[in-house]
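Here is the structure we will look at.
The values are calculated or read from the model by the stated rules, or taken from the named source; none is laboratory data. Because the structure is a prediction, the values reported are computed rather than measured. Cβ placement follows ideal geometry from the backbone for every residue including glycine, while neighbour counts extend to all protein chains displayed.
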């Protein structure tokens with residue numbers, strides 16, 4: 001997303017676009033390596049602009065420039081600086097937004113993103129799905145497009161089984177059933193559970209559907225517990241799924 005700081009048309013005198021992109025990759029690589037150095041086990045890259053890139057939104061003029069492939073190519077330029085062993089623990093998060101219990105691109109057909117997103121040579125993907133009307137269609141697309149060899153790393157799909165935008169707490173049984181269904185389309189050794197998005201990703205997120213940020217925090221703890229228990233229950237099913245979570 002930071003690439004959009006540079007003008008869409010033309011170049012800045014004395015600072016060509018290519019130099020800007022090289023500098024951008026340098027700084028993001030530094031960010032990721034500093035996270036690992038600080039003790040992070042995994043580092044996730046937010047890719048919420050991925051789905052938005054397929055929407056011609058007058059409020060975001062760049063969306064009319066068909067930039068999804070440019071985003072993918074730039075991220076892969078960054079990922080090429082890491083070994084397959086490192087990239088197993090570098091992932092991509094995608095969702096249609098979550099600011100103030102709202103979304104910015106959920107109406108965009110998910111296939112437009114998922115058919116291309118797995119071109120990213122990341123080791124795992126955190127994929128919003130619990131809030132989709134046809135969840136099994138998303139599982140099917142992920143199973144179809146995920147790769148066993150993304151430049152040396154097998155891609156893992158952490159499917160969203162919790163909707164942070166709704167105050168209704170999912171049951172562990174619902175989580176279990178979603179994961180068992182997902183396992184019909186995604187190899188169990190490449191499948192895990194996550195939340196659709198962060199529970200309060202913005203510092204001034206009012207959480208209007210929840211009533212208050214304080215109540216939303218209590219709900220979030222219940223939802224996380226349901227995800228963990230549901231994943232545990234799913235792992236005991238005949239088509240056991242891999243236990244996984246997103247902090």
Report summary line: In segment 195-224, anything touching a helix residue (DSSP H, G or I) at 6+ places or on another chain (Cβ under 8 Å) and under 18 Å from residue 170 (Cβ atoms) is listed as 195, 199, 200, 207, 209, 210
Report summary line: Residues in segment 20-44 that are over 20 Å from residue 62 (Cβ atoms) and part of a helix (DSSP H, G or I) total 12
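When segment 146-170 is examined, which residues are found to be farther than 16 Å from residue 132 by Cβ and either outside any loop (DSSP other than H, G, I, E, B) or touching a helix residue (DSSP H, G or I) at 6+ places or on another chain (Cβ under 6 Å) (or both)?
Answer for segment 146-170, where residues must be farther than 16 Å from residue 132 by Cβ and either outside any loop (DSSP other than H, G, I, E, B) or touching a helix residue (DSSP H, G or I) at 6+ places or on another chain (Cβ under 6 Å) (or both): 152, 153, 156, 167, 169.
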Query raised in the report: Hey, among the residues in segment 164-182 that are modelled with pLDDT of 95 or more and in contact with a strand residue (DSSP E or B) (Cβ under 8 Å, 6 or more places away or on another chain), which one's surrounded by the most Cβ atoms within 10 Å (Cβ to Cβ)?
Result: 179
Query raised in the report: Out of curiosity, is residue 103 outside any strand (DSSP E or B) and either under 26 Å from residue 192 (Cα atoms) or modelled with pLDDT of 95 or more (or both)?
Result: yes
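In this structure, is residue 91 touching a strand residue (DSSP E or B) at 6+ places or on another chain (Cβ under 7 Å), closer than 30 Å to residue 34 by Cβ, modelled with pLDDT under 95 and buried (at least 21 other Cβ atoms within 10 Å of the Cβ)?
On the way: touching a strand residue (DSSP E or B) at 6+ places or on another chain (Cβ under 7 Å): yes; closer than 30 Å to residue 34 by Cβ: yes; modelled with pLDDT under 95: no; buried (at least 21 other Cβ atoms within 10 Å of the Cβ): yes.
It is false that residue 91 is touching a strand residue (DSSP E or B) at 6+ places or on another chain (Cβ under 7 Å), closer than 30 Å to residue 34 by Cβ, modelled with pLDDT under 95 and buried (at least 21 other Cβ atoms within 10 Å of the Cβ).
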Query raised in the report: What residue, of 105, 131, is more than 18 Å from residue 183 (Cα to Cα), buried (at least 16 other Cβ atoms within 10 Å of the Cβ) and touching a strand residue (DSSP E or B) at 6+ places or on another chain (Cβ under 8 Å)?
Result: 131
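Being crowded, with 18+ Cβ neighbours inside 10 Å, touching a residue at least 60 places away in the same chain (Cβ under 8 Å) and more than 21 Å from residue 104 (Cα to Cα) is the requirement here; does residue 207 meet it?
Numbers: crowded, with 18+ Cβ neighbours inside 10 Å: yes; touching a residue at least 60 places away in the same chain (Cβ under 8 Å): yes; more than 21 Å from residue 104 (Cα to Cα): no.
No; evaluated as a whole, the condition is false for this residue.
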